[in-house]
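First up is the structure itself, then whatever we jot down about it.
Nothing in this text is a laboratory measurement; each read-out follows from the coordinates by a stated rule. Please read these numbers as outputs of a predicted model, since none were measured by experiment. We place every Cβ from the backbone using ideal geometry, glycine too, and count neighbours over all the protein chains shown.
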Amino acid sequence: MDGTLISITAIAAVADLSRNFIHSHENLLHQLDAARQTQADAHVPRQRQPTPGAAGRELAEMCA
């Protein structure tokens, strides 16, 4: 998807299905839950890795 939060409504619209159809199929609900968890995990803020040499360049600029 394009960054849209995964929901039954969104999946039903994209797949041209009714929400009731999705609710009536347990395997689809499990897949939807897994996709939601994957999406949630992807949005966990992560600490940015330092750029190699960046600290040295910053120190040199401060001393100049």
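For region 8-20, backbone phi angles converted through the Karplus equation (6.51, -1.76, 1.60; θ = phi - 60°) give residue-by-residue couplings of 4, 4, 5, 5, 4, 5, 5, 8, 6, 10, 7, 5, 4 Hz, Gly and Pro being listed as x. With each label modelled as a point 7 angstrom along the Cα→C-beta vector, the residue 25-residue 5 pair spans 2.4 nm.
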